[in-house]
Each structure stands twice: as structure tokens, then as C-alpha cells.
Number of protein chains: 2
Amino acid sequence: MSASETRRQIADVADRLFYEHGFEATSFADIARDVGLSRGNFYYHFKTKDEILDAVIARRVSNTRAMLDAWEQAASSPAERIRSFIHILIANRTKIMAHGCPVGTLCNELAKLDHAAKNDAILLFTLFRDWLARQFAALGREADADGLALHILMRSQGVATLFTAFRDEDFIRREVADMEAWLQAQCPAASLLHSRQSA
Amino acid sequence: MSASETRRQIADVADRLFYEHGFEATSFADIARDVGLSRGNFYYHFKTKDEILDAVIARRVSNTRAMLDAWEQAASSPAERIRSFIHILIANRTKIMAHGCPVGTLCNELAKLDHAAKNDAILLFTLFRDWLARQFAALGREADADGLALHILMRSQGVATLFTAFRDEDFIRREVADMEAWLQAQCPAASLLHSRQSA
DNA sequence: GTCTATATAATGATAGAC
DNA sequence: GTCTATCATTATATAGAC
């Protein structure tokens, strides 16, 4: 196997394990086992655990950018794009129930560890924040686009944390519906494109 | 020093360290050092790390109950009591900025570790949930009191997580004001006791 | 590029002197 | 009730054979 391919595979497995069990709780041996490598060979690809974390974050940044680009292409309106964001709570609910939000839980853990990569993880939040703000600006809310972006990001984080704790499907569906209603209320004109409640 | 007093002190220090750095990242040596005990003597008081976690959670449950009781006594109306809850985000903002919400971050970590004490930690959320639901019921929202309680709990979690990441004081103040506005909107009659916006 | 063997430090945990 | 000394295990990390 080529070095770059093995590196990619290690980052792939580490990404999953860091998400499922946390950064601290995941050991080199755990990653090596799941990749099918000896611990010794492992160090040929990554010198330190922090290097793997950097690779995992870089991978997540890249994947997140790709996802946001895909939403940008797939949806025909800013409101519909924001709904794509809201609906990852439903789409990923099984994983969220077990392990929480990948971004929020990583940022929280790295904050507690006061880890050097803390700010790199926060960049993941920033990607969503800026993308959402652009959508709100396109909806005519230039003045408070960033505040609205943070608000919806805040809600997604709160829903994820409580869903991990209480594992209540009704709760997540209710809160997602509430987020959609809130979105409609933010831009009544755009909402007409999708529901004719006031037509 | 008496055994019970030392035990109490260990739980006290462990509570702080688990909050500041996380459960996994805190070692016996860390706790022993901060208490001023040798590692050996440590095991006279607690046999395993999980036992300390149990003691820490029991301590937090007790402290939370005391805080909720104090709010119950201090405030003259259900709406004012709910505002007491909302305002811990402001009162504890320095700690939240550094280490997140003590309840949310512990539940997230124990969920990832699939730890035996996971459900005990969730009880901390349940204390807030049930207390808030009682306040909403007292406001005349018996039918959806639990949903409203989860909603405000969800918001506090989301605000805490994003505040830890972005460390933006304006954000937390804006969201707290928004939570208060939401509260007013839930029970217009009760709100008249505190603001005369519609008088 | 992968392996085995190993170094070193820290972890959770115990035994026994005082 | 506290200490020192120690154990077994695991962790990160390295050396060197193949």
C-alpha cells in the first residue's frame, strides 16, 4: 500500500474513533488495530498523536466544505439551504444519539484539554457560521446575518446535546420543526416559496 | 483529619478537575496532588476512579438540588424562577467560556466512554428538566410544560457550547435576552408582573 | 513500508510500615 | 489515617531487522 493511501486510511479511522470515543480515550493501539497496522509501523506515518488530530481536523474541514458546497448546489434558495443544515439533526440522529455532534463535542474536549489544536477545531464551527450567515444575507438580512447564523448553530448544538442525553425522537422532531418555523418567521417573503400559509 | 472530611475534600477537588479538564484527562495523581495527599493514601478513601466519579455526581446532584431549592425560595413567581435559570449563563460565563457547561460536557464525555455512570450524570439534566417543567406548569402551561422545559434547557446547552468556542460576550448577552423574550411570549399574563410593555 | 522488540513514562491499583 | 515502596498495565514513542 502507498504511504499516502495508508495515511488517508489512518486519518479515516482516527476520525471515526475520535468521534465515537473522544480524543483522549482513543489510543494509538486502537487506531492501529482498526486500520490493521502494527503499532510500530504506525509511527512511520504519524510521529505524534497531535499530528493525527491535525490530520483528522483537516479531513473534517475538507469534508465540511464539500458538504456545504453540495448544499449550495442542490438547493435553489437560501432558505432551502438553511433547511439542509437544520435537517442534518434528523439525518444523523442515530450517530448524534450515541456520540453527540462531532464538532461540538470535539471543541468541548479540546477546550478542556487546552489543546494546541483547539482553534483549528473551532474553525469547523466557523465554516458553518459563515456559510449560514451568507444564506441569511442572501435572504435580505445583511444587518444581522451573523447573529442569525449563530442562533441556528446554537440551537443545533443544544438539540444535539440533549438528544444524546435523553434519546427522545419526539424531542428532536419537535425542535427541528420549531427551527423551521423560526426560519420562516425570519424571512416571511422567502417562506412563500415553500409554504402558502399566508397566501 | 477525619476520614469523612478527607473524602469530602477529595470529591470537592475531583469535581473541579473533572469539570476543568474532563474525567479521562484527570488522573489519581492530579487529584491527590491538589488535595495534598500521597497517591497511596488516596486508595484508603476511594478504591477506583469510578467510585470518585460516583461521589462527584452525587455531590453535583446535591448541590443542584440545593440551588433549585434556593431559587424556589428566592423568587416570587414561576417566571422569575425560570429567569434565575436563564441567568446562570451570565453569572457563570467565565467558567463556561473556559470549560463549558458542567452537566452537558460530563454527559457528552460519559456517553462517548459508554461509562456505567452515564445515566447518573443524565439525572443532573433531569433535575433541571423537572424543576423547569414545574415552573411552566405553574404558569398555566401544564399541557406542554415538559416540552418548554426541554426547549429552554436545549438553548442553555447550545449557548454554552458556542460560547466556549467563540468566547463572544455579545453573543451570550444577545441569546440570554432572546431567551427572556421567548419566556415572556410563552406566558403573556405572567409577564405583566415584571414588565409593563403592554400595559 | 511493514514488522518485532523495546524504551520510557504514566496510569490505575496494592502491600505493608508507621 | 498517612506514608513509602512497589506492581501490573497501558500509553506514547523509538530502534533496527526485513
With n ≥ 4 as the cut-off for DSSP H runs, can you work out [θ] at 222 nm for chain B, using -39500 (n - 2.57) per run divided by the number of residues, rounded to the nearest 500? -26000 deg cm²/dmol
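What relative contact order, as a whole-number percentage, does chain A give when Cα pairs under 8 Å and 6 or more residues apart are counted?
It comes to 21 percent, rounded to a whole number.
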Kirkwood-based Rg to Rh ratio, the range A:39-106, C-alpha trace: 1.13
Please report, for residue B:58, the nm distances (one decimal) from its label point, 7 Å out from Cα along the beta-carbon direction, to the equivalent points in the remaining copies, shortest first. 4.9
Using the 7 Å Cα-to-Cβ label point, sort the distances from residue A:114 to its equivalents in the other copies shortest first and give them in nm to one decimal. 3.3
What does a probe at residue B:3 reach in the range B:24-62, counting residues whose amide N is under 13 Å from the point 7 Å along Cα→Cβ? B:43-47
Distances in nm between the label point of residue B:2 (7 Å along Cα→Cβ) and its equivalents in the other copies, shortest first, are 7.1
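What are the equivalent ellipsoid semi-axes of the range A:59-198, built from the alpha-carbon gyration tensor (square roots of five times its eigenvalues), in whole angstrom, biggest first?
That gives 26, 19, 13 Å for the three semi-axes.
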List the aspartates and glutamates whose Cα sits under 18 Å from the Cα of residue B:49, skipping any in the same chain fewer than 8 residues away. A:24, B:12, B:15, B:20, B:24, B:30, B:34, B:109, B:114, B:120
Restricting things to alpha carbons, find the Rg to Rh ratio for the protein assembly as shown using the Kirkwood radius for Rh. 1.00
Accessible surface, the range B:59-198, averaged per residue in Å² (probe 1.4 Å): 42
Given A:47/A:112; A:47/B:47; A:47/B:118; A:95/A:118, which pairs have Cα atoms separated by over 29 Å? A:47/B:47; A:47/B:118
Please give the FRET efficiency for residue A:41 paired with residue B:66, using the beta carbon to beta carbon distance and R0 = 51 Å, rounded to the nearest 0.05. 0.40
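The values are calculated or read from the model by the stated rules, or taken from the named source; none is laboratory data. Just so it is clear, the structure is predicted and the values come from calculations on it, not from any experiment. When we count neighbours, we look across all protein chains shown, and the Cβ atoms used for this are built from the backbone with ideal geometry, even at glycine. Heads up: the accessible areas ignore ligands, DNA and RNA and are worked out on the full protein's heavy atoms, side chains in. Shrake-Rupley method; radii C 1.70, N 1.55, O 1.52, S 1.80 Å.
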